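Chemist: First the structure, which I've put down as structure tokens, then a few questions once you've had a look.
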Amino acid sequence: MNVFVTGGAGYIGSVCVSELCDAGHSVTVLDNLSEGHRSAVDPRARFVQLDLGDREGVARAVREAQAEAVIHFAAYALVGESMTDPSKYFRNNVGNAINLADASVAAGVRKFVFSSTCATYGPPDRVPMDEGLPQRPINPYGESKLMFEKVLRWYQELHGLEFVAFRYFNAAGASANFGEHHRVETHLIPLVLQVALGQRSHIDVFGNDYPTPDGTCIRDYIHIADLAQAHIQALAPGKSGYFNLGNGEGFSVREVIATCERITGRSIAFQDKPRRAGDPARLVASAQKAISELGWKPQYPRIEQIISTAWNWHQKHPHGYAD
Ligand code: UDP
């Protein structure tokens, strides 16, 4: 199948592109390289450097790729940043994404797969969280993803563009060749591993007074190769709707730090800091729907596996793609 992947030079996109190529698909990557890295794009894929804000360019690129499916990863994804610069999130994650949806309709694309997020739910009334929960985001990042989910629902109804929206929990881990390298790193696991590598003196723990057993936030970490597999399974015709992707188990910030200490064999200093704006206390998935409807089966469900693969990659690439 001809698959057009936006954000294919980014953390999750790069792994998905590589797995798509392994599965025999013909892949075109669109990325503006603002966050992604050219060397993270599998050499078997075609690469187009373009910003989604270039409406005509995006329409041309989707048409020229003869795309049958679009997988849309390219977006801003930092909760904290979205609280200080909401415009950036709404313009790109909604406005520019509409350029891509329109290009997909115009080119006769049959399937649109969208990276959404558990941040569309806001603080949940119950955990584990299933897709039936009300969506009440508490940060512009989650709101922007929810807005585009709604765009897709209408485009499916009115234009027949079949879509799958995956609500990711916390993407983590690495494959043999691709890992996590953000130019400005804000995510917990890579930052903790930077402490283990001696690149950082300590990790700040944002909030120790949440209503959780140790007072720190709880998240459900999911391996990026498992995320990638779900996207490939979503390409099958007839699959549509919203699916959570997580492992159904939550780990606190302190538990993640302790697990990183065990895996790396190094001690990791931390400092308690105030809460980070926009963070819900506990986000844990029920991914039963993806398991039963898509046949999704995570290969790396344990936090130790997830952190070990990340540690392997960071040790091999201490400066990420800059090496
Ligand atoms: N976190 C932290 N210190 C950091 C980075 C993150 O305590 O330096 C916490 C953050 O507040 C959240 C959890 O770790 O509760 C996961 O944050 P991350 O940014 O990795 O992902 P998010 O949940 O925002 O998508």
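The values are calculated or read from the model by the stated rules, or taken from the named source; none is laboratory data. The shown structure was predicted, so the numbers you read here are calculated from the model rather than taken from an experiment. Neighbour counts run over all protein chains shown; Cβ positions are idealised from the backbone, glycine included. Side chains are part of the model used for accessible areas, which takes the heavy atoms of the whole protein and leaves out ligands, DNA and RNA. Shrake-Rupley method; radii C 1.70, N 1.55, O 1.52, S 1.80 Å.
Chemist: Can you tell me which residue within the stretch 244-280, out of those that are under 29 Å from Ala165 (Cα atoms) and surrounded by fewer than 19 Cβ atoms within 10 Å (Cβ to Cβ), is farthest from the ligand (Cβ to nearest atom)? Talk me through it step by step, then tell me what you get.
Modeler: If we filter the stretch 244-280 for residues that are under 29 Å from Ala165 (Cα atoms), which is where we start, we get 244-253, 256, 276-280.
Adding the requirement that they be surrounded by fewer than 19 Cβ atoms within 10 Å (Cβ to Cβ) leaves 249, 276-277.
Details: Glu249: 15, Arg276: 5, Ala277: 10 Å.
The selected residue is Glu249.
Chemist: A further question follows. So, in the stretch 176-197, of the ones that are within 11 Å of Asn312 (Cα to Cα) and over 15 Å from the mean Cα position of the chain (by Cα), which residue ends up least open to solvent (accessible area, probe 1.4 Å)?
Modeler: Taking the candidates together, the pick is Leu193.
Chemist: Go through Ala107, Ala69, Ala65, Ala74 for me and flag whichever is more than 21 Å from Ser14 (Cβ to Cβ) and more than 16 Å from the ligand (Cβ to nearest atom). Full working, then the answer.
Modeler: Working: Ala69 fails: more than 21 Å from Ser14 (Cβ to Cβ); Ala65 fails: more than 21 Å from Ser14 (Cβ to Cβ); Ala74 fails: more than 21 Å from Ser14 (Cβ to Cβ).
None of the other options fit; the residue is Ala107.
Chemist: Another question, if that's okay. So in the stretch 220-230, with the set limited to residues that are closer than 19 Å to Pro128 by Cβ and in a helix (DSSP H, G or I), which one is nearest to the ligand (Cβ to nearest atom)? Before the answer, list the steps.
Modeler: In the first step, residues of the stretch 220-230 are kept if they are closer than 19 Å to Pro128 by Cβ; the result is 220-223, 226-227, 230.
Checking which are in a helix (DSSP H, G or I) leaves us with 226-227, 230.
Working: Asp226: 16, Leu227: 13, Ala230: 18 Å.
Restricting to residues being closer than 19 Å to Pro128 by Cβ and in a helix (DSSP H, G or I), the top hit is Leu227.
Chemist: Those residues that are among the hydrophobic types (A, V, I, L, M, F, W, C) and either in contact with a Gly (Cβ under 9 Å, 6 or more places away or on another chain) or crowded, with 19+ Cβ neighbours inside 10 Å (or both), I need them from the stretch 148-175; list them, please. Give the derivation first.
Modeler: Of all residues in the stretch 148-175, those among the hydrophobic types (A, V, I, L, M, F, W, C) come to 148, 151-152, 154, 158, 161, 163-166, 169, 171-172, 174.
Listed by number, the residues that qualify are Phe148, Leu152, Leu161, Phe163, Val164, Ala165, Phe166, Phe169, Ala171, Ala172, Ala174.
Chemist: Now, a different point. Quick check on my filter: what residues within the stretch 27-68 are farther than 16 Å from Ala106 by Cα and touching a residue at least 40 places away in the same chain (Cβ under 8 Å)?
Modeler: If we filter the stretch 27-68 for residues that are farther than 16 Å from Ala106 by Cα, which is where we start, we get 27-51, 53.
Listed by number, the residues that qualify are Leu30, Asp31, Asn32, Glu35, His37, Ser39, Ala40, Ala45, Asp51, Gly53.
Chemist: Filter the strands (runs of 3 or more DSSP E) completely within the stretch 30-145 down to those with at least 3 residues that are open to solvent by less than 40 Å² (accessible area, probe 1.4 Å) and in contact with a His (Cβ under 9 Å, 6 or more places away or on another chain). Working first, answer last.
Modeler: Numbers: elements: 46-49, 69-72, 111-117.
Filter on the stretch 30-145 gives 111-117.
Chemist: Please verify whether Ala75 is under 27 Å from Cys118 (Cα atoms) and in contact with a Lys or Arg (Cβ under 6 Å, 6 or more places away or on another chain), treating the condition exactly as stated.
Modeler: Details: under 27 Å from Cys118 (Cα atoms): yes; in contact with a Lys or Arg (Cβ under 6 Å, 6 or more places away or on another chain): no.
So Ala75 fails the test.
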